[in-house]
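Reading through the structure tokens given below for one structure.
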Amino acid sequence: MNETEATGLFNEIMQRHDALIYKVCYMYAEDLEHLRDLHQEVAANIWSGLGSFSGRSKVSTWVYRVALNTCITFFRRHGKHSSAERLDGMRLDIVDDGDERSARLKEMYELIGRLDRIDKAIVMLWLDEHSYDEISSVMGMTRANVASRLHRIRQRLASMANE
Amino acid sequence: MNSDIDYLKMQWQSLNTSASGNRNDADAPDFSNVLKNGAVSSAARVKRIYTMILVICLIWTVLSLANFVFPVVPELVGGLMAAFFLLMSGMLAATVRRAGMIDFGRMSVADAMKSVCRLESLIMWRRIIGIPLAFLLLSVMIWHFSGNAFMIGGALCGAAAGLAIGVALARRIRESIREMKHLIKELER
């Protein structure tokens, strides 16, 4: 692939999947600066990984893999700045009808945000309706492990919601 | 709970087509600039920087060894320099190789974490070993050229200070490695 083709492919992937990348980074970011760093890092990893993309999996699954690998392993070399803008005031686009359902939805997002890095990844993949086999391939776990872990996560979310 | 989950799934999947989530356009990174500014991931940056340092170390290794043929500094100093730069070159080469093996597009999350752990371990150990040795070498060089016997004590103090600095610098990396190893164990349970 020459540079022009690579640039074209990169732009196409980013345009089509930027929202997906953003929502994955959002779930792992501590503040706005961290969110930008993660997004930048994911974009850089997508660019450098273009040559190895075999096309055997869906592009969205590949992008998910790169985004999760980046977010989970990203080592924040500088600590949080006290002036860093928190993400509390920013929400993903959630339809807020002001009703009880929307409130429960926001609560669930917050609960998912409290899970550890691995559980967050599994839940996100599951919410995007990836099969157990796809989740197992992306995470590097056995299928049985994915199933039992998802079951535990759902129980934990239910008990956190009841606290 | 099940209807909540279904609704959550529907909301979550709808975000994939949302243009920019709830962020302002001013906050949205312009990904076309990622290419203009040279899209370099952390692993690629590590590889690039350490390749440069590796080349410098190799040059100094050759110059130090050449000292045995064309003496410029005392043999002891030349020998210690050669040993130091050779050791550092080996560690840097391992780091460069390890950084080059990271491919987040091919790896599973478990493999990615193991690779990053190994890379960070190499960086950490290079600091813990390299900084005190550098202080020691520097002190020996100063002692040799100043002829001052107290420099031996200074050399040892320097090495101890270097070790303390190396360990302190490695502390944050150690925390990251510890956390990732814990997550890897969780994944493999």
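Considering only the range A:134-163, state which residues are within 20 Å of A:VAL24 (Cα to Cα), at pLDDT 90 or above and more than 8 Å from chain B (Cβ to nearest Cβ). If you could, list the steps in order and put the result at the bottom.
Filtering the range A:134-163 for residues within 20 Å of A:VAL24 (Cα to Cα) gives A:134-141, A:146, A:149-150, A:153-154, A:157.
Applying the additional criterion that residues be at pLDDT 90 or above yields A:134-141, A:146, A:149-150.
Listed by number, the residues that qualify are A:GLU134, A:ILE135, A:SER136, A:VAL146, A:ARG149, A:LEU150.
Is it fair to say B:ALA99 is within 14 Å of another protein chain (Cβ to nearest Cβ) and part of a helix (DSSP H, G or I)? Before you say what the answer is, go through the steps one by one.
Details: within 14 Å of another protein chain (Cβ to nearest Cβ): yes; part of a helix (DSSP H, G or I): yes.
So B:ALA99 passes the test.
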Might you let me know whether the range B:142-160 holds any residue that is assigned to a helix (DSSP H, G or I), surrounded by 19 or more Cβ atoms within 10 Å (Cβ to Cβ) and within 22 Å of the chain's Cα centre (by Cα)?
yes
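Which residues, counting only those in the range A:119-134, are buried (at least 22 other Cβ atoms within 10 Å of the Cβ) and under 16 Å from A:THR70 (Cα atoms)?
Scanning the range A:119-134 gives A:ALA121, A:ILE122, A:MET124, A:LEU125.
Counting only residues that are in a helix (DSSP H, G or I) and more than 10 Å from every other protein chain (Cβ to nearest Cβ), which one in the range A:113-124 is nearest to the chain's Cα centre (by Cα)? Full working, then the answer.
Pass one, the range A:113-124, residues in a helix (DSSP H, G or I): A:113-114, A:117-124.
Still in the running and more than 10 Å from every other protein chain (Cβ to nearest Cβ): A:113-114, A:120.
On the way: A:GLY113: 11, A:ARG114: 14, A:LYS120: 8 Å.
In this case the residue turns out to be A:LYS120.
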Verdict on B:LYS185 being in a helix (DSSP H, G or I), more than 16 Å from the chain's Cα centre (by Cα) and not aliphatic (A, V, I, L, M)
yes
For the range A:45-73, what are the residues that are more than 8 Å from chain B (Cβ to nearest Cβ) and among the basic types (Lys, Arg)?
A:ARG56, A:LYS58
Close pairs (8 angstrom Cβ cut-off, 6 or more residues apart or separate chains): at pLDDT below 95 in the range B:40-65, surrounded by 15 or more Cβ atoms within 10 Å (Cβ to Cβ) and of a type in the set (Asp, Glu) anywhere:
B:SER41/A:GLU41; B:SER42/A:GLU41
Those residues of the range A:40-54 which are more than 14 Å from the chain's Cα centre (by Cα), among the aliphatic types (A, V, I, L, M) and more than 17 Å from A:GLY8 (Cβ to Cβ) amount to A:ALA44
Residue among A:LEU92, A:LEU50, A:LEU115 that alone is surrounded by fewer than 22 Cβ atoms within 10 Å (Cβ to Cβ), at pLDDT below 85 and of a type outside the set (D, E, K, R):
A:LEU92
Criterion: of a type in the set (S, T, N, Q) and touching a residue at least 40 places away in the same chain (Cβ under 8 Å) - qualifying residue of B:SER121, B:SER115
B:SER121
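The rows are residues; the columns are (1) facing another protein chain (nearest Cβ under 10 Å); (2) surrounded by 17 or more Cβ atoms within 10 Å (Cβ to Cβ); (3) assigned to a helix (DSSP H, G or I).
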site	(1), (2), (3)
A:GLU5	no, no, yes
A:GLY8	no, no, yes
A:ILE13	yes, yes, yes
A:HIS17	yes, yes, yes
A:TYR22	yes, yes, yes
A:ARG36	yes, no, yes
A:HIS39	yes, yes, yes
A:ALA43	yes, yes, yes
Are there any pairs, at least 6 apart or on different chains, whose C-beta atoms fall under 9 Å, with the first in the range A:127-145 and outside the structural domain of A:SER57 (by TED's automatic domain parsing) and the second acidic (Asp, Glu), and if so, which?
A:GLY140/B:ASP111; A:GLY140/B:GLU188; A:MET141/B:GLU188; A:ARG143/A:ASP133; A:ASN145/B:GLU188
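The values are calculated or read from the model by the stated rules, or taken from the named source; none is laboratory data. Keep in mind the model is a prediction, meaning the values are calculated, not measured. Ideal geometry is used to build each Cβ from the backbone, glycine not excepted, and the neighbour counts take in all protein chains shown.
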